[in-house]
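The values are calculated or read from the model by the stated rules, or taken from the named source; none is laboratory data. None of these values were measured; they are calculated from a predicted model. We place every Cβ from the backbone using ideal geometry, glycine too, and count neighbours over all the protein chains shown.
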Amino acid sequence: MTDVSAPERVTATPAARSALAALRAARGGPVMFVQSGGCCAGSTPMCFPDGEFVVGDVDLLLGDIDGSPFYIDRRLDEAWNQTLFILDVEPGPPEDFSLAAGDDLHFVTRSSSCTAPPNP
Amino acid sequence: MKYVPPGRPGSIVTVLPRYENFIGGKWLEPTAGKYRVDLSPATAAPITEVAESTPQDVELALDAAHAAKDAWGEASATERAAALNKVADAIEANKEMLAVAESWENGKPVRETLNADIPLVVDHFRYFAAAARSEEGRSTEIDKDLIAYHFREPLGVVGQIIPFNFPLLMAAWKLAPALAAGNCSVLKPASPTPWSILKLLEVVEDIVPPGVINVVTGPGAEIGKALAANPRIAKIGFTGETVTGRLIMQYAAQNLIPSTTELGGKSPNIFFSDVMAHDDQFLDKAIEGLVLYAFNKGEVCTAPSRALIQEDIYEEFMARCLARIAAIKQGDPLDTETMIGPQVSAQQLAKISSYVDIGKAEGAEVLIGGKRAMVDGEFADGYFFEPTVLKGHNKMRVFQEEIFGPVLAVTTFTDDADALAIANDTLYGLGAGVWTRDGNRAYRMGRKIQAGRVWTNCYHAYPAGAAFGGYKISGVGRENHRMMLDHYSQTKNLLVSYSTEPLGFF
């Protein structure tokens, strides 16, 4: 697990933690999260087997949820006003290449606090 | 008129209890024997079941595609074009049936599928049939005895992964150029919309040779990777969000193959004061141009989701637009009077709703809409969201993030430079719109906006022949144009000497 210099910017609901624990147990290995943007399934956290997604210098480690790292593209993070993320689960299957959060569940992120961005 | 939902008595769309994968010209049960229920977003009720495939099924599809690739790749352009034209004819002959199937599965209003989606699918196959026929190789006389011949050769077998927002049109955008260039395809539809493409295949299954088109349905985490990372594909095409887009390019890099990605946008739609210089048909067109954010319930990568309005006309222009938005008819997607249907899934509905909450918390003003729409009767459980307008400024998250729903973020600008600065203040660069009666300004703005497509005094037109693709992080590559034949082929150079003279080195 990599250290983060800033306070953790991501946390999780009990439902997400329990889904994550079950997913790790079922897979027999750790997973990782990468916050997505763009069309269709954009704006959702994509969940992959740990190491599946090659993280680059462009990515920022926001924190980890019980040992599963959570990344975001620095450019997205800036455009999204460095929001605080809360990992949660909702009904329905995941989209694109993300792992499910359990039977017919998918991970979502919520913003914990929305401070108004400065008016330019 | 109202069409009867698929599968019910009197419907023009027949529905089987379950659908298999289409592999090697046959309908094959998924090897693991698993199926998943496919819902209509209008009622949240099941339509049918589709295969919940596993990587083994992807391998079967690749086997079939590889078995077909030599014959299809060596078929003459005449033969390939004839097949694509027959595909177009068959789809055209079944236009209404496919439009109803597409609307019921995706939720888009049937007026759109009848008049846009399906006719564009038909035209797309015809366009690439013509492109294939009119292709010419180039030869160069390097010197009088040395000639460079250039031939375009197919890549072989390609993988294609399409999104849920235009299930049939995105399939056509991917399949038509790949087949025209002589490739065989293994295509994975999006998880929320696997069925309408299978209805399309029922219509065309006897036209193209077995193995040329193969469709495998199932979860992206399992079969998406099995296809995209597979060493037996020669190219991968993908439309979707940015993280999976990067993953696709990562897999392509590992296999040293090309990829084409289309990853979304947050497109500005700019209205200059002079649109209101006259109260005429052009102004009416411009007002509709703003309201087009609700086209396909906003589930469009190029949705004009940021409206930039010159400040001196803002009040009057926006009042006219809001009146038009208030008149949008929402409900049964199979009613030809309906203008906006349900979002594609409960997941999308929840996401859109949370974005409106984010916007409000950031201080955006809700000018209209803002919550889940309640539709009576059979549609009470459908995933409807009210057409919404949020007024704010471009640093807000609702101006920066792709909401993928009928939510417009609107702001004002002072002059050309201000409009340009706001328009380009985004990570994305897929589409943009410019509305003005001043041709010089339209040209200058269009050239300066960092986006792959700048609609000028129009929006949401997608004719075959107009290149489509992203600047910035909106993706790499172009679609919808004959240059796609380059994306789906490789160049063979025969360098031929007609001299008998030795070089003299050895």
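General observations
- Evaluated against (1) under 14 Å from B:Leu390 (Cβ atoms); (2) of a type in the set (A, V, I, L, M, F, W, C); (3) within 14 Å of another protein chain (Cβ to nearest Cβ), B:Cys321 falls short on exactly one condition, (3).
A quick yes/no check of all residues on (1) free of Cβ contacts under 8 Å to residues at least 12 places away in the same chain; (2) more than 14 Å from chain A (Cβ to nearest Cβ); (3) closer than 20 Å to B:Leu84 by Cα; (4) surrounded by fewer than 24 Cβ atoms within 10 Å (Cβ to Cβ):
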| site | (1), (2), (3), (4) |
| --- | --- |
| B:Asp143 | yes, yes, no, yes |
| B:Tyr149 | no, yes, no, yes |
| B:Glu153 | no, yes, yes, yes |
| B:Lys174 | no, yes, yes, no |
| B:Ala181 | no, yes, yes, no |
| B:Leu187 | no, yes, yes, no |
| B:Ser191 | no, no, no, no |
| B:Pro194 | no, no, no, no |
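- Among the residues of the range B:358-405, the ones that are within 21 Å of B:Pro109 (Cα to Cα) and outside any strand (DSSP E or B) come to 20 in all.
- Enumeration of residues in the range B:149-189 that are more than 13 Å from the chain's Cα centre (by Cα) and in a loop (DSSP other than H, G, I, E, B): B:Leu155, B:Gly156, B:Ala181, B:Gly182, B:Asn183
For every residue, the table says whether it meets (1) acidic (Asp, Glu); (2) crowded, with 16+ Cβ neighbours inside 10 Å; (3) in contact with a His (Cβ under 8 Å, 6 or more places away or on another chain); (4) in a loop (DSSP other than H, G, I, E, B).
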position	(1), (2), (3), (4)
A:Ala19	no, yes, no, no
A:Arg24	no, yes, no, no
A:Met32	no, yes, no, no
A:Gly42	no, yes, no, yes
A:Phe53	no, yes, no, yes
A:Asp64	yes, yes, no, no
A:Phe70	no, yes, no, no
A:Asp96	yes, yes, no, yes
A:His106	no, yes, no, no
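- Number of the exception - B:Gln348 against (1) more than 11 Å from chain A (Cβ to nearest Cβ); (2) under 26 Å from the mean Cα position of the chain (by Cα); (3) over 19 Å from B:Ala286 (Cα atoms): (1)
- In the range B:417-430, the residues that are within 27 Å of the chain's Cα centre (by Cα) and within 11 Å of chain A (Cβ to nearest Cβ): B:Ile422, B:Asp425, B:Thr426, B:Leu427, B:Tyr428, B:Leu430
- Selection of the range B:254-308 for residues being among the charged types (D, E, K, R) and surrounded by fewer than 22 Cβ atoms within 10 Å (Cβ to Cβ) yields B:Asp274, B:Asp279, B:Asp280, B:Asp284, B:Lys285, B:Glu288.
- Summed over the range B:380-419, the residues that are closer than 21 Å to A:Ser36 by Cβ and aromatic (Phe, Trp, Tyr) give a count of 4.
- Residue satisfying all of: in the range B:211-266; facing chain A (nearest Cβ under 8 Å) and assigned to a loop (DSSP other than H, G, I, E, B); modelled with the lowest pLDDT among these: B:Gly264
- Filter result for B:Arg437 (on the phi < 0 side of the Ramachandran plot and part of a loop (DSSP other than H, G, I, E, B)): yes
- Every residue from the range A:28-51 that is out of contact with any strand residue (DSSP E or B) (no Cβ under 7 Å at 6 or more places or on another chain) and either basic (Lys, Arg) or at the interface with chain B (Cβ under 9 Å from one of its Cβ atoms) (or both): A:Ser43
- Of all the numbered requirements in (1) in a strand (DSSP E or B); (2) hydroxyl-bearing (Ser, Thr, Tyr); (3) within 14 Å of another protein chain (Cβ to nearest Cβ), A:Thr11 misses one, and that requirement is (3).
- Qualifying position, being at pLDDT 95 or above and in a helix (DSSP H, G or I), among B:Leu16, B:Leu60: B:Leu60
- Scanning the range A:51-71 for residues that are over 18 Å from A:Leu99 (Cα atoms) and either within 14 Å of the chain's Cα centre (by Cα) or of a type in the set (Asp, Glu) (or both) yields A:Asp57, A:Asp59, A:Leu60, A:Leu61, A:Leu62, A:Gly63.
- Within the range B:19-51, being of a type in the set (Val, Ile, Thr), within 18 Å of B:Tyr383 (Cα to Cα) and away from chain A (no Cβ under 14 Å) holds for B:Thr43, B:Ile47.
- When the range A:72-87 is limited to residues that are in a strand (DSSP E or B) and crowded, with 19+ Cβ neighbours inside 10 Å, the one that is nearest to the other protein chains (Cβ to nearest Cβ) turns out to be A:Asp73.
- Note on the range B:310-331: residues that are surrounded by fewer than 13 Cβ atoms within 10 Å (Cβ to Cβ), farther than 29 Å from B:Pro5 by Cβ and not charged (D, E, K, R) amount to 2.
- Restricting attention to the range B:458-487, the residues that are of a type outside the set (Lys, Arg) and touching a Gly at 6+ places or on another chain (Cβ under 8 Å) total 16.
- A:Pro120 vs. criteria modelled with pLDDT under 95, within 22 Å of A:Ser18 (Cα to Cα), surrounded by fewer than 18 Cβ atoms within 10 Å (Cβ to Cβ) and within 7 Å of another protein chain (Cβ to nearest Cβ): no
- Index of the failed condition, B:Arg246 passing every other in (1) in contact with an Asp or Glu (Cβ under 9 Å, 6 or more places away or on another chain); (2) touching a residue at least 40 places away in the same chain (Cβ under 8 Å): (2)
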